[in-house]
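Report on one structure; see the data block that follows.
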Amino acid sequence: MTAPILEVQDLHVRFPVKRGLFGRTVGHVRAVDGVDLAIQPGETLGLVGESGCGKTTLGRSIARIISPTAGLIRYRDAAGDEVDLTTARNRDLRELQRQIRVVFQDPFSSLNPRMTLLQVIGEPLRNHNVATGSELEDRVAGMLSRVGLSPKYLHRYPHAFSGGERQRVNIARALILEPRLVIADEPVSALDVSVRAQILNLLRDLQEELGLTYLFISHDLSVVESVCDRVAVMYLGRMVEVAPTDELYTRPRHPYTEALLSAVPRPDPRLRDAGRRIRLADDLPDPADPPPGCTFHTRCAYAVPGSCDVPGGAPALERTGPGHRAACLRTDDLSLAGIEPDPV
Amino acid sequence: MTDLTSQAPPREPDPPPESPAAVPETPGRRSRGTASQRRLVWWRFKQHRLAMAGLIVTAGIYVVAVFAGFLAPFSSSTFDPEYTYAPPQRLHVVDRSGGDWDWGLFVHGYRSTVDDETLELTFEPDESQKIDVGLFVKGEEYEILGLIPWDRHLIGPTNPDDPMYLLGGTRTGHDLLSRMIHGTTVSMSIGLVGVAMAFVLGVTLGGISGYVGGRTDLAIQRLVEFFMSVPSIPLWLGLAAALPPEWGPMQRYFAITTILAAIAWTDLARVVRGRFLSLRNEEFVTSARLDGSSRQRVIFRHMMPSFSSHLIASVTLSVPGMILAETSLSFLGLGLQAPVVSWGVLLQDAQNIRAMATAPWLLLPGLCVIVSVLALNFVGDGLRDAADPYKR
Ligand SMILES: Nc1ncnc2c1ncn2[C@@H]1O[C@H](COP(=O)(O)OP(=O)(O)OP(=O)(O)O)[C@@H](O)[C@H]1O
Ligand SMILES: [Mg+2]
């Protein structure tokens, strides 16, 4: 096994909860609560979980948009040297942020309405003194055609573009510095279904062409299935299962994954209704005050009182098979239902 | 339901890739696409009739302020005590007294009578006296923009010593029209200079407050609240009354402007802080930071431009407040003082009910205040409405 390009160890991110006139801190939201994760070079790792489970926070910590509270984020650069992103100095961080880039979810708010495409996409080149003047223009034009936009649009402002086109611009801006790792935070969630597939194809093509590694954040399991090599499932700030995509979809080892999978729609009538649909209770526990024991036990159909809910650390990720790890106390007692691979 | 159970519809076979030419190349779209925000704001602003009218009037008033020396028939210090409260003269274009049509501008002189009991002077036009009035006449010397000396006036009596009071005379026998024109310079510039000071203070403190946040923000906000909670009229009065009486007109002018700005910056600071706070977590600002932009570049290149039109609107809207404040202070005798003339100084003459009864034209400077304040407000409102051209 090759050395991972990025390794996250026991990462914690807490946001203070403030109340009252003087903004007293009354508690902490544990948005990321002890996450371990490794990303292999060249792969696409999917990160799934329901809204509010901390996916964005994890992604932003890796890009160092926010500073994690505790833990390690070890990045291995092209030369094989390892750097800890959590303690990197600002100057080094600037350099590292050339190699780790982010594609944001919202194609509208992520582009400055006052800057032309040339200015937006050229900004990283300018700031890092990579290119100026006509060379910068040439490189931006080249990048535009690479993401499927005409170089004619160089001097246009973003407001004249559709969501899909804007997301292409965002991708161009992320890739213009030739990064190695791209964190895509729900890059297609805001797009129409028809445009979605085009953007996913574009991402895939660019990955092949440029040898990129993706951390692909999404809450849409059908999208994840189509683009990811491996999938990590998050629940309430913790990793609950990590496995290769096929393996995870057909043989989940955590009840939460099973519940997520049971909700994936299948176009093929033979596959539809094959399994029962597991409805999760609506109430995601408060991340400021997670349940004791296994944090999922409050919603888990298989939870056993006296074993899953005893106070103490939540179960850690354990190896359950080749490349497959799950954090469930009862994983060996359960036979959980997956879904058949999508024939499309 | 959690949002995972509301899954996307099944994937469809991939449609043909979006071709680069998929964007229709219509001229409308093209010009909108390449139009900068400034252009879009201007297009929106132009559709606002009242704002356009306000803009034209405001521009006109500032032209008067800049070319006051040329537009005014006399200097602001010229007066003739013989003609106190002289009523406005009618400007005639043609003289038919000789039977035929004799074209040319002129006014009639005055015949004054003294009331035996009250010793009050009353004036009647003296039809027999004809005072020729010319355009671009030679008169007193002045300096255009304080630099180029010149002696031509747009309008004035051909003989500079003849009396001409197109809008009447004041208590001291000054020509009201000339004084009003010279007052425009002072009143309008106090608005601008004061707002410029308030702008620097407001943007700096508001910017720091919004961008840095935390304790700094808390401290600055309390300062703003303190200034906002002090009743402004007593504060102005107190500060203005505390100015040393021996100060010259220039010192006084700047002191008064500073006092006005000390109050006005708070609003701007709030606007700027609010904008910074809301922009700080916008994704395009985060992106700019990830793109390696320095802090200054993030603030000045990425954040400021996106609310510059809001800022201009707020600034425009605070100019009339300044003008009004200066007028009130001067009217109460605590602001600017003679020999400086501003509209407020001129209105001091209108405090006296008797003077008003005999010389109602002394209220005209008040009209100037109203017109300029309204015009600036219309411009500000129009700008505020046009400030966000992407809003649908
Ligand atoms: N800046 C912040 N301050 C306080 N709490 C925050 C902040 N950012 C996120 N949180 C909290 O952290 C938790 C995780 O949020 P996060 O945005 O990472 O979730 P997510 O998995 O990305 O959700 P979604 O699918 O809705 O994007 C949430 O409970 C959220 O309220
Ligand atoms: Mg998110």
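The values are calculated or read from the model by the stated rules, or taken from the named source; none is laboratory data. What you are looking at is a predicted structure, and each value in this text was computed from that prediction instead of being measured. Quick reminder, even Gly has a Cβ in these numbers, built from the backbone with ideal geometry, and neighbours come from all protein chains shown. Protein only, heavy atoms only, side chains kept; ligands, DNA and RNA dropped before computing areas. Shrake-Rupley method; radii C 1.70, N 1.55, O 1.52, S 1.80 Å.
Treating cross-link reach as a plain straight distance, find the aspartates and glutamates whose alpha-carbon is under 18 Å from the alpha-carbon of B:K46, omitting any fewer than eight places away in the same chain. Partners found: B:D381, B:D385, B:D388. At an R0 of 22 angstrom, the distance between the Cβ atoms of B:S128 and B:L154 translates into a FRET efficiency of 0.20. Take the Cβ atoms of B:T78 and B:I370, set R0 to 35 Å, and the FRET efficiency comes out at 0.85.
For A:H297, what accessible area in Å² do you get when you roll a 1.4 Å probe over the heavy atoms of the protein chains, rounding to the nearest 10? Probe radius 1.4 Å; accessible area of A:H297 about 40 Å². Plainly put, the stretch A:1-110 has a radius of gyration that is 1.01 times its Kirkwood radius, both from alpha-carbon atoms, as the Rg/Rh ratio. On the beta carbon distance between A:D289 and A:S145, with R0 = 45 Å, the FRET formula returns roughly 0.30.
Evaluate the Kirkwood expression for the hydrodynamic radius of chain B, namely the inverse of the mean inverse distance over all pairs of different C-alpha atoms, and round to one decimal in Å. Mind showing how you got there, number by number?
Numbers: mean 1/r = 0.0395 Å⁻¹.
Evaluated on chain B, it is 25.3 Å.
Dividing the mean sequence gap of close Cα pairs (under 8 Å, 6+ apart) by how many residues chain A holds gives a relative contact order of 19 percent.
Compute the Cα gyration tensor for the stretch B:84-169, then decide on rounded, prolate or oblate, letting a ≥ b ≥ c be the square roots of its eigenvalues: rounded whenever a/c is under 1.5, prolate when a/b is larger than b/c in the other cases, and oblate in all that remain.
Details: a/c = 3.26, a/b = 1.31, b/c = 2.49.
Oblate, since a/c reaches 1.5 and b/c is not below a/b.
If you rank A:R253, B:R384, B:R44 by how much accessible surface each has, with a 1.4 Å probe, what is the order from largest down?
Working: A:R253 55, B:R384 120, B:R44 80 Å².
Highest to lowest solvent-accessible surface, that is B:R384, B:R44, A:R253.
Cα centroid separation, the stretch B:84-120 to the stretch B:232-309: 53 Å. Round to a whole angstrom and tell me the spacing of the C-alpha centers of the stretch A:53-72 and the stretch A:156-191. About 21 Å separates the Cα centre of the stretch A:53-72 from the one of the stretch A:156-191.
With only Lys, Arg, Asp and Glu charged, each at its Cβ (+1 for the first two, -1 for the last two), find how big the charge dipole of chain A is about the Cα centre; round to the nearest 20 debye.
Working: 41 positive and 44 negative charges, 198 e Å.
Computed about the Cα centre, the dipole is about 960 debye.
Proximity of backbone amide H atoms, modeled 1.01 Å from N, is registered between A:G27 and A:V17 at under 5 Å, excluding neighbours fewer than 5 places apart on the same chain. Once the Cα-Cα distance is subtracted from the 0.36 nm per residue extended length, the A:A337 to A:T2 segment shows a gain of 117.4 nm.
Compactness of chain A, taken as the C-alpha radius of gyration over 2.2 N^0.38 Å, stands at 1.04. A 1.4 Å probe over all protein chains sorts B:M356, B:M250, B:M228 by accessible area into B:M250, B:M228, B:M356, starting with the largest. Based on alpha carbons, the Rg and Dmax found for the stretch B:180-386 are 20.0, 72 Å. The mean of 1/r over all pairs of different alpha-carbon atoms in the protein assembly as shown, once inverted, gives a Kirkwood hydrodynamic radius of 31.6 Å. Per-residue ellipticity at 222 nm computed for chain A from its helices equals -8500 deg cm²/dmol, with DSSP H segments shorter than 4 residues left out and the rest contributing -39,500 (n - 2.57).
What does the accessible area per residue of the stretch B:180-386 come to in Å², with a 1.4 Å probe and no ligands, DNA or RNA counted? Can you show the working numbers first?
Numbers: 8760 Å² over 207 residues.
Ligands and nucleic acids excluded, the figure is 42 Å² per residue.
Probe radius 1.4 Å, ligands and nucleic acids left out: which of B:S76, B:S229, B:S342 has the largest accessible area, and how do the rest follow? Walk me through the intermediate numbers first.
Numbers: B:S76 30, B:S229 85, B:S342 0 Å².
Listed by decreasing accessible area, they come as B:S229, B:S76, B:S342.
Per the accessible-area calculation with a 1.4 Å probe, the total area buried between chain B and chain A rounds to 4900 Å². Entry note, chain B: the mean residue ellipticity at 222 nm calculated from DSSP H runs of n ≥ 4, each adding -39500 (n - 2.57), is -17000 deg cm²/dmol after division by the residues and rounding to the nearest 500. If you take the charge dipole of the stretch B:84-169 about its Cα centre, with +1 on Lys and Arg Cβ and -1 on Asp and Glu Cβ, which of B:Q89, B:T122, B:L135 is farthest toward its positive end? Among B:Q89, B:T122, B:L135, the one farthest towards the positive end of the dipole of the stretch B:84-169 is B:L135. Between rounded, prolate and oblate, where does the stretch B:77-123 land on the alpha carbon gyration tensor, with a ≥ b ≥ c its root eigenvalues, rounded for a/c under 1.5, else prolate if a/b exceeds b/c? Judged from the Cα gyration tensor, the stretch B:77-123 comes out oblate (a/c at least 1.5, b/c at or above a/b).
Normalising the average separation of contacting C-alpha pairs (under 8 angstrom, six or more residues apart) by the number of residues puts the relative contact order of the stretch A:165-240 at 31 percent.
Using the Kyte-Doolittle scale, which helices in chain B average at least 0.0 and also have C-alpha atoms spread 27 Å or more along the helix axis, with helices defined as whole DSSP H runs? Passing helices, by number: B:176-212, B:249-280, B:308-331, B:364-386. Taking Lys and Arg as +1 and Asp and Glu as -1, the other residues whose beta-carbon sits under 9 Å from that of A:G54 total +2.
Comparing the full protein assembly with the isolated chain (1.4 Å probe, heavy atoms, ligands and nucleic acids excluded), the residues of the stretch A:98-112 losing at least 40 square angstrom of accessible area are A:F104, A:S109, A:N112. Near A:R114: Cβ cut-off under 11 Å, other residues only, Lys/Arg at +1 and Asp/Glu at -1. The net charge is +2.
Can you pull the one-decimal nm distance between simple spin-label points at A:H128 and B:A59, each 7 Å off the Cα toward Cβ? Rounded to a tenth, the inter-label distance reads 4.7 nm. Of the accessible area of chain B, computed with a 1.4 Å probe over protein heavy atoms only, carbon and sulfur atoms account for 63 percent. Extending 7 Å from Cα along the Cβ direction at B:M356 and again at B:S189 yields two label points whose distance is 3.1 nm.
Based on protein heavy atoms only, the stretch B:84-169 ends up with 65 Å² per residue of surface accessible to a 1.4 Å probe.
If you roll a 1.4 Å probe over the heavy atoms of the protein chains, what accessible area per residue do you get for chain A, in Å²? Before the final figure, lay out the partial values.
Numbers: 14400 Å² over 344 residues.
Dividing the accessible area of chain A by its residue count gives 42 Å².
Using a cutoff of 8 angstrom between alpha carbon atoms and counting only pairs six or more residues apart, the relative contact order for the stretch B:180-386 works out to 30 percent. Inter-label distance, A:E95 to B:T118: 9.1 nm, where each label sits 7 Å from its Cα along the C-beta direction. 3J(HN,Hα) along the stretch B:82-92: 5, 10, 5, 6, 5, x, x, 9, 8, 8, 9 Hz, from the Karplus curve 6.51 cos²θ - 1.76 cosθ + 1.60 with θ = phi - 60°, whole Hz, x for Gly and Pro.
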